[in-house]
1. Quick one: buried accessible area between B and A, total over both chains, 1.4 angstrom probe, nearest 100 Å²?
2. What is the local net charge at B:Phe17, summed over the other residues whose Cβ is closer than 13 Å to its Cβ (Lys, Arg +1; Asp, Glu -1)?
3. Run the label-point distances for A:Ala18 please: 7 Å along Cα to Cβ, every other copy, nanometres, shortest first.
4. When only C-alpha pairs under 8 Å and at least 6 residues apart count, what is the relative contact order of the stretch A:1-129, in percent?
5. Summing +1 for each Lys or Arg and -1 for each Asp or Glu, what net charge is found among the other residues whose Cβ lies under 10 Å from the Cβ of A:Leu110?
6. Any aspartates and glutamates with Cα under 16 Å of the A:Lys135 Cα? List them, leaving off those in the same chain fewer than 8 positions away.
7. How big is the dipole moment of chain A about its Cα centre under a simple scheme where the beta carbon of each Lys and Arg is +1, that of each Asp and Glu is -1, and everything else is neutral? Debye, nearest 20, please.
8. Provide the net charge surrounding B:Arg133, with neighbours chosen by a C-beta distance below 15 Å and charges set as Lys +1, Arg +1, Asp -1, Glu -1.
Protein chains: 2
Amino acid sequence: MNEQFPSALLERAVGEFAKLPGVGRKTAMRLVLHLLRQEPETVEAFANAITTLKREAKFCKVCHNISDTETCRICSNPQRDASTVCVVENIRDVMAVEATQQYRGLYHVLGGVISPIDGIGPGDLQIDSLVERVKAGGINEVILALSTTMEGDTTNFYIYRKLEPLGVKLSVIARGIAVGDELEYADEVTLGRSIVNRTPFSGVI
Amino acid sequence: MNEQFPSALLERAVGEFAKLPGVGRKTAMRLVLHLLRQEPETVEAFANAITTLKREAKFCKVCHNISDTETCRICSNPQRDASTVCVVENIRDVMAVEATQQYRGLYHVLGGVISPIDGIGPGDLQIDSLVERVKAGGINEVILALSTTMEGDTTNFYIYRKLEPLGVKLSVIARGIAVGDELEYADEVTLGRSIVNRTPFSGVI
């Protein structure tokens, strides 16, 4: 569409929305016109939510997860097992692990994985602070829960080399056939690993 | 995902984004985290664009198109043919027709079409103001450019009944085979109409 905006204000708003990832100009137009039809308070609430988040959100000084306070809800919860730390890439991964309700330890958010192609080196990630955390003591196990990609594997190995001398127990999340998947559609590498890393069976899984 | 938000501010921002049409909670999360990674000024500019639009955008008192001024750019342009009015459903349709660069007249934005199932009657649309505009004189032709749906046809007919006594020339945009389409895939109704409403051919289309 060769755009002839009837309003410069509209053009600016559409331009801002179109900067969001995965939002094209047509979608941006639809979203902006939707907001334009809402009550002024609704639009204010929308804009306010994002600016307040940007202005006031902190990153937990312990695990670097997003937080409303200096130390996040998880790190400051005495019910959690502070001797176990799960290393994840980002905030969404913390939420994904939390959603399983299978983990009661703490986290460490790296902020990404080592990816030379994207110009992300170890220094851009919260790896040094992880090493410091382990050195400070009290941590028995570090669980690596990064993406099962080449970048994730590289990062796992880098962290392994850093933490191994410290004598902390290191583990990596299980790789195998996803629950609900059929064997014939699984890729060979995954299926191979699931056989090599088979677990004892005692009637229930 | 059984969401355990690590931050109430994050939860609020994601909730606001998830209210947008076609944006689910996962997409909302992705958009919010994207904005959170931007510079504070970028986020302010984003929020400011939409609140300024809502606060300052006007609707043209002549054609009801969105405008930064009392009368929109199109209606106040002396180069445009003020004797022709194209009736469209919404602002996006004005932009779509403008993008064709085939039309030099003015517009009239109805704000929708008659749709009893959605509770939209003629009184909810800018139909009375269209009748007033025609009664005021100076308009030779009204072009109906609504969706080719049952609701669009109903609205076309309603407007026809209102304007017909006023002796203004009424026309409707051509319905036929879309440019680039193959005949065998066209539906019967469209193909039938395109034959009935065939146009004289003089070497070029």
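The values are calculated or read from the model by the stated rules, or taken from the named source; none is laboratory data. Bear in mind that the values here come from a model prediction, so they are computed numbers and not experimental data. So basically every Cβ, Gly included, is an ideal-geometry build from the backbone, and we count neighbours across all protein chains shown. These area figures cover heavy atoms from the full protein model, side chains too; ligands, DNA and RNA do not enter into them. Shrake-Rupley method; radii C 1.70, N 1.55, O 1.52, S 1.80 Å.
1. 5600
2. Result for the local shell: +3.
3. Ordered by increasing distance: 2.9 nm.
4. 14
5. Net of charged neighbours comes to -3.
6. Leaving aside aspartates and glutamates fewer than 8 places away in the same chain, those within reach of A:Lys135 are A:Glu164.
7. 380
8. +1
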